[in-house]
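In what follows, a single structure is set out as structure tokens and then discussed.
The values are calculated or read from the model by the stated rules, or taken from the named source; none is laboratory data. Small disclaimer: the values here were computed from a predicted structure and weren't measured. Counting neighbours? That spans all protein chains shown, and the Cβs are built from the backbone with ideal geometry, glycine included. All accessible areas refer to the heavy atoms of the entire protein, side chains included, with ligands and DNA or RNA removed. Shrake-Rupley method; radii C 1.70, N 1.55, O 1.52, S 1.80 Å.
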Amino acid sequence: HDPGSLMTPFIYLTGFTRGLSPASLVWDIPSSSNIKNPDGSFHGPVRIRTALANDYLVPAQKIADQMGSDAITRTEASFGLDQGKITLLDISSAYGIFAAQGVRYGQPGPSTVLRVEGLDHSQWLDLTAPQAQPVVTPPLAYMVNDTLSDEPARWPSFGHPNNLEIGRPIGAKIGQTDSGLDSWTVGYTPSMVVAVWTGAHGPNSTRLAPQLSSGLWHALMYTAS
């Protein structure tokens with residue numbers, strides 16, 4: 001599915017590799033790109049922390065223009081993502097790297113099979129103790145995690161309380177597409193990642209509210225934890 005604004009953390013991460021930080025200032029103002037924020041408003045000068053937490057798309061596009069598409073593509077590829085369609089397993093694996101402080105465990109991409117044994121119990125495959133592969137440094141992962149787990153930072157758009165709060169610290173991100181036909185929510189703790197996609201692509205489909213996927217995510221995360 002189209003990941004929409006689920007990809008903005010990787011845009012800002014690219015910026016972090018070049019000296020930006022969650023406290024860096026970016027302008028949320030009209031531009032020639034005609035990108036609009038989900039709330040239909042512009043918010044003037046905002047910190048990257050605020051822009052990312054509230055899913056403001058205009059600042060993300062400005063940072064993307066500064067960094068260049070090649071740099072952002074390389075960042076996304078290092079997390080096992082491309083700029084086209086993605087699956088729930090793809091995005092869960094990518095956000096799981098943030099949850100693991102910048103480390104990928106196992107092969108690139110998620111594994112649905114962890115062990116294969118023969119009838120005689122001989123071991124053909126064992127991924128239960130996967131090797132660790134650093135993807136980004138812990139300080140870079142920390143900046144993303146700290147922003148995505150900052151509950152007060154996202155209150156301007158999501159209110160308080162909201163579906164991204166479960167009573168304990170958690171990194172969370174919603175994803176929206178321009179068409180409004182895809183709605184994502186991904187959230188994680190150091191030991192668990194939960195991702196939800198909802199979509200409608202029929203001839204009479206209408207826009208989906210982010211609360212649909214975030215409400216399902218909240219229920220799943222609350223139950224699983």
Could you check region 188-204 and list, in sequence order, the residues that are surrounded by 13 or more Cβ atoms within 10 Å (Cβ to Cβ) and either out of contact with any helix residue (DSSP H, G or I) (no Cβ under 9 Å at 6 or more places or on another chain) or within 13 Å of Leu88 (Cβ to Cβ) (or both)? Val193, Val194, Ala195, Val196, Trp197, Thr198, Gly199, Ala200
Is at least one residue of region 139-151 surrounded by 13 or more Cβ atoms within 10 Å (Cβ to Cβ), modelled with pLDDT of 95 or more, under 16 Å from His218 (Cβ atoms) and of a type in the set (A, V, I, L, M, F, W, C)? yes
Given (1) under 21 Å from Leu88 (Cα atoms); (2) open to solvent by less than 90 Å² (accessible area, probe 1.4 Å); (3) of a type in the set (D, E, K, R), index of the condition Arg207 fails: (2)
Could you identify the single residue in Asp2, Asp55 that is open to solvent by less than 50 Å² (accessible area, probe 1.4 Å), in contact with a Gly (Cβ under 9 Å, 6 or more places away or on another chain) and part of a loop (DSSP other than H, G, I, E, B)? Asp55
Can you find, within region 5-38, the residue that is surrounded by the fewest Cβ atoms within 10 Å (Cβ to Cβ) among those that are aromatic (Phe, Trp, Tyr) and within 15 Å of the chain's Cα centre (by Cα)? Phe10
Residue check: is Gln131 in contact with a Gly (Cβ under 8 Å, 6 or more places away or on another chain), open to solvent by 40 Å² or more (accessible area, probe 1.4 Å) and either among the polar types (S, T, N, Q) or modelled with pLDDT under 95 (or both)? yes
Selection count, region 210-221, where residues are open to solvent by 40 Å² or more (accessible area, probe 1.4 Å) and modelled with pLDDT under 85: 1
Of (1) over 14 Å from the mean Cα position of the chain (by Cα); (2) open to solvent by 40 Å² or more (accessible area, probe 1.4 Å); (3) without any contact (Cβ under 8 Å) to a residue 24 or more places away in the chain, Asp82 fails just (1)
Can you name the residue in region 152-186 that is of a type in the set (A, V, I, L, M) and buried (at least 22 other Cβ atoms within 10 Å of the Cβ) and, of all such residues, is nearest to His218 (Cα to Cα)? Leu164
So, in region 39-52, how many residues would count as being assigned to a helix (DSSP H, G or I) and open to solvent by less than 20 Å² (accessible area, probe 1.4 Å)? 3
